[in-house]
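Working notes for the structure below.
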Amino acid sequence: MGMRFGIPLKCVFVYSFVGDSCDRLGHLFYPTLCTVCNGNTSIIPLLGTNSGDFNHFPDDPEFADIIQRAEQAIESGVFPERISQGSSGSYFVKDPKGKIIGVFKPKSEEPYGHLNPKWTKYFHKLCCPCCFGRGCLLPNQGYLSEAAASLVDTKLCLGVVPKTKVVYLASETFHYNAIDRAKSRGKKYALEKVPKVGRRFHRVGLPPKVGSFQLFVEGYREADYWLRRFEAEPLPENIRKQLQSQFERLVVLDYVIRNTDRGNDNWLIKYETPGEGEGEEQKNIQDSCIKIAAIDNGLAFPFKHPDEWRAYPFHWAWLPQAKVPFSQETRDLVLSRLSDMNFVQDLCEDLYEMFKTDKGFDKTMFERQMSVMRGQVLNLTQALKDGKSPLQLVQMPRVVVERSRSGGQGRVVTLGNAFTQTFHCKRPFFSSW
Ligand SMILES: Nc1ncnc2c1ncn2[C@@H]1O[C@H](COP(=O)(O)OP(=O)(O)O)[C@@H](O)[C@H]1O
Ligand SMILES: [Mg+2]
């Protein structure tokens, strides 16, 4: 392989065996020691350390274009910027002009990822390993949950999750360990010494990180802010209906994916009150519209129903909107799909294609995740048919639907009559774990 460049290849820098991506130059020198591809050179293109080599979206040229702009920005020194809130490493990604176009959450910087920038989490995990994370979720797969939520949203035509896909990006502003940084410096040095090699590479740098990339939505504010305002200044009837319809879509999404982290800070509302827009964008009451964006979907797709129901309620269930029975509009939108076994099976297969790419993928655990999801779909279908409200939905007994080995319809297991959520107290006993 060294002969590709017509030079004798000797390792002139430290090669790291940690990290979540295949460093292809290091890999070039010591392919059989590469922990990412395990020496399987056929799966990784040999030339170029550009993350663009990983990002292919042939079915979605619009998204491909956005990722390309993000890469161009990084190449020209406009780096992603870490979002200060939150316990994980999340980054606002910009275009070459510095406009925010996406939110990138690398796998390795998730709350319990090995490069999480927040030391408290690291110590939490170190000192209290028995109770870190959510016991019902697979650890360190938040980025997949983010992308999968977007897939569910698209397949059900809900339109509340900003498009999210698995993407590879590298940036100086990401959190890398000392070895990766030293290696990058070593590479630069090595390639300066051997310009012939340097010419073959677009950019020499840090290894790309795998993560979720969610499109940035503009003009939205946290739901909490708007919900308080709407309490004080009730909405006009047509807008209230729009909000109700959007809210029901959020409920459908969260219930299907069994989101364990839907506080009112993790969904956004966009509402331009009449007269607030400028010029042509100025809207009157008839034209104004209200939209919900469901962000931060990284803590969903549990492999079992949470035991600690008090810990992970759907916070929207306490809102007045949750007491209203699902509208005919929502039923028309999703019921035919949700009650179609082939649709659900298709969805599971699409999710399989996505989840299997993770390093820690485990088929048995994936099946368990799908059993929970099928159970949620079953309940939701029934609730929609019976004209229930979101509040009544979350009070239904939890079920899982296990796939039958014989290829039949599967086995429905009802997990007792315990409600998944009760409404005696306004605050859960444990708000996070
Ligand atoms: N797709 C998005 N569009 C617009 N703003 C976003 C988007 N995703 C996140 N944000 C903003 O960034 C903040 C943190 O994002 P979030 O996904 O909740 O990350 P964390 O995991 O750190 O809680 C949000 O409260 C919101 O203000
Ligand atoms: Mg959040």
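Annotations for the structure displayed:
- Links that overshoot a 21 Å alpha carbon limit, given the list 155/241; 165/209; 155/323; 94/209; 165/356; 99/270: 155/241; 155/323
- Dipole magnitude of the stretch 228-275, debye to nearest 20 (Cβ charges: Lys/Arg +1, Asp/Glu -1, about Cα centre): 80
- Listed by chain and number, the aspartates and glutamates placed with their C-alpha closer than 15 angstrom to that of residue 385 are 248, 329, 332, 340; residues fewer than eight positions away on the same chain are left out.
- Note on residue 188: aspartates and glutamates with a C-alpha under 16 Å away, same-chain residues under 8 apart excluded, are 23, 75, 172, 180.
- In terms of packing, defined here as the mean over residues of other Cβ atoms within 10 angstrom, the peptides 320-330, 292-302 line up highest first as 292-302, 320-330.
- With N the number of residues in the stretch 153-271, Rg(Cα) / (2.2 N^0.38 Å) evaluates to 1.67.
- The packing ranking, built from the mean of other Cβ atoms within 10 Å per residue, places the peptides 179-191, 159-171 in the order 159-171, 179-191, highest first.
- Amide H contacts under 5 Å for residue 389, placed H, 5+ residues apart: 326
- Only aspartates and glutamates eight or more places from residue 107 in sequence, or on another chain, were considered; those with a Cα closer than 13 Å are 20, 146, 358.
We did not get these values from a lab; they are worked out from the coordinates using the rules stated. No experiment lies behind these values; they were computed from the predicted model shown. Note: ideal-geometry Cβ built from the backbone for every residue, glycine included; neighbour counts use all protein chains shown.
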